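First the structure, in the form of structure tokens, and then the observations on it.
Derivation of every value follows stated rules applied to the coordinates shown; laboratory data play no part. All values derive from a computational prediction rather than experimental measurement. As a convention, Cβ positions derive from the backbone with ideal geometry for all residues, glycine included, and neighbour counts pool all protein chains shown.
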Amino acid sequence: MKNINLTVNGKAVNNACVEPRTQLADFLRDSLDLTGTHLGCEHGVCGACTLMVDGMPTRACITLAVACDGASITTIEGMDHDPVMQALRAAFSREHALQCGYCTPGMLASAHDVVLRMPDANEQDIRFAMSGNLCRCTGYVGIIRAVMSVIEERKVAGLGQPVNSRTELGPAGSGHARPMASRDTIGNALPGARPSGPVAAAPAATAAAAAPTGRPASESSKALTTLSQRFSVDFPRDVVWAYFGRLGDVTTCLPGASLLAVPTETHVEPKLRIKVGPIVADFEGSADVERDAAGFVGTIFGSARDTKSSSATRGEIRYTLSEEKGGAATGVDIQVGFALTGPLAQFGRSSIVKDIAQRMTDAFATNLSARLRHADSGTAAEPAPAPAAELNAGALVFGVLRDRIVAFFRALFGR
């Protein structure tokens, strides 16, 4: 057992005896009878237990009470006289933003943070910021309207200055958090802010994964999953570089890809058809390309949305061409960063995603080599292969699993 001292809703709680494993939500509910903090998933996913620790929204179900020794805790019961919370409660009632009410305390705590930090937020910004709070009743429409209405009311009243309470990085409420640079509404360092020690010294690779260069930080608010692939083609680097500049041709080298419009030198609008078992997704989007001819480096920034569901993807592809075999061949190094949301996001979390990406890269390399051979021949004797009508991710998954099973039994029996 351990004794902790903290402030809860403005009142000192001294020498509270808790077990090291006790979660903050359980301590508040069982020891202090503050049952306004609701427990839902108990995995930090649903957001029902969200409250404020030292002014920052925190998941109480995955925060240890002992980690909050010396912290200031504010639950929904402690916000009765907060003017922003009063406005939110009125707006939630007016816009029918609650039904069963189980998610509402955590929803209000997160909304309170959004209103103060994001005074210029639009509907999309609010949906993104509130996406960590789940509601099974309302469909979120009323919730978004309620938050937007409070933001507009504060603008009219001249209270539209951002209030950023996120000034620390580390365990919530621990009192030992490392200071970080001042940040904007989505966590990016503000111009002129002074980064401090550990944050400023973060590895470049990590920084690049979280916010790729070459695009505004607002387009990189969600960290990308990154993969690296490499393949070679038996053509000189200048030839491959020139072909990569023909966006329409190089796009359709990817299985399942087609074009929605005539591409330009720097912009392409692709469509990618993907099949996962009985699920067929048609991603339509756009991409912009930046190329550095001196370094033979190109970067593609793109996003797409499935026309049949709410699945969406955003990504960045960086490729570098290098000479091989004395200039007779070209090595293509590809770094892919992507973020997938919606029903298909589950496939982006699989441990076999690297194997699937490798197979997709192999298919792309095969098509690319065939197209280059066709272009080099200068005749129609060898027609360029048409890409597959769709990318069968289910077949790729099955193939990867089959190969892994075969490899396991070979290792087991020594052959």
- [ ] Figure the gain on full extension for Ser303 and Val156 (residue separation times 0.36 nm, minus the Cα-Cα span) and round it to one decimal in nm.
- [x] 49.4 nm
Open item on the list: Under 5 Å between amide hydrogens, which residues at least 5 positions from Ala48 or on another chain qualify, with H placed 1.01 Å from N in the peptide plane?
Closed with: Gly40, Cys41, Leu134
Open item on the list: Can you tell me the length gained on complete extension of the stretch Val262 to Asp238, counting 0.36 nm per residue apart and subtracting the Cα distance?
Closed with: 6.2 nm
Task: Relative packing of 8-14, 50-56, which averages over residues the other C-beta atoms within 10 Å, highest first - done: 50-56, 8-14
- [ ] Starting at the first residue of the range 241-250, write each ³J(HN,Hα) from the Karplus equation 6.51 cos²θ - 1.76 cosθ + 1.60 with θ = phi - 60°, in whole Hz, x for Gly and Pro.
- [x] 4, 5, 5, 4, x, 8, 4, x, 5, 5
Open item on the list: What aspartates and glutamates does Lys2 reach when the alpha-carbon gap must be under 13 Å and sequence neighbours fewer than 8 apart in one chain are set aside?
Closed with: Glu19, Asp69
TODO: Just add up the charged neighbours of Leu34: K/R +1, D/E -1, any other residue whose Cβ is under 13 Å from the Cβ of Leu34.
DONE: -3
- [ ] Can you put Cys41, Cys17, Cys49 in order of Cβ neighbours within 10 angstrom, beginning with the fewest?
- [x] Cys17, Cys41, Cys49
Task: Order of Val141, Val289 - criterion: other Cβ atoms within 10 Å of each residue's Cβ, fewest first - done: Val141, Val289
Task: Footprinting exposure proxy for Glu316, Glu95, Glu153 (fewest neighbouring C-beta atoms within 10 Å first) - done: Glu153, Glu95, Glu316
- [ ] Would you work out if the range 1-143 is rounded, prolate or oblate? Take a ≥ b ≥ c from the square roots of the eigenvalues of the alpha-carbon gyration tensor; rounded if a/c is under 1.5, else prolate when a/b is larger than b/c, oblate otherwise.
- [x] prolate
